[in-house]
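This report concerns only the one structure given below.
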């Protein structure tokens, strides 16, 4: 039973990362990212999946909401990491305060994961099962590590 739950969670997390990479690259975009290219990718994906205008509107709305939520959470995490760094640089480190900050960072990280899972669940309610399957296959293909990166591949890019 535990193994089944662990596999389900791992699949969910993988799907979140895969789906968010191409369809949603928001919030964590680096400066200099060409937003037009991201919109073109979204438009191309819309075409490939055969989305209805209603589905496209719902996905864009979801994208906007997730982007705002992700931006807020990243801001809070950065602030807590800065606070942790400052506390650790003090000559007399207050262990209780450090532990409290670490707990807050864990909570915020959990909120980020929960938001990603909620986004996937929302996408599944917007897309047909066939569209979702096609999207997942496309993401797996585009996000698969190259042979040279195979051993050091990680989810940071998503």
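Worth a mention:
- Its residues counted as N, the stretch 40-120 yields a C-alpha radius of gyration over 2.2 N^0.38 Å of 1.61.
- For the stretch 74-129, the spread of Cα positions along each principal axis, largest first, Å: 58, 17, 10
- Potential lengthening of the chain between residue 78 and residue 39 amounts to 11.3 nm, from the contour at 0.36 nm per residue minus the alpha-carbon distance.
- The relative contact order of the stretch 38-149, computed from alpha carbon pairs under 8 Å that lie at least 6 residues apart in sequence, is 35 percent.
We did not get these values from a lab; they are worked out from the coordinates using the rules stated. Every value quoted in this text rests on a predicted model; they were computed, and no experiment measured them.
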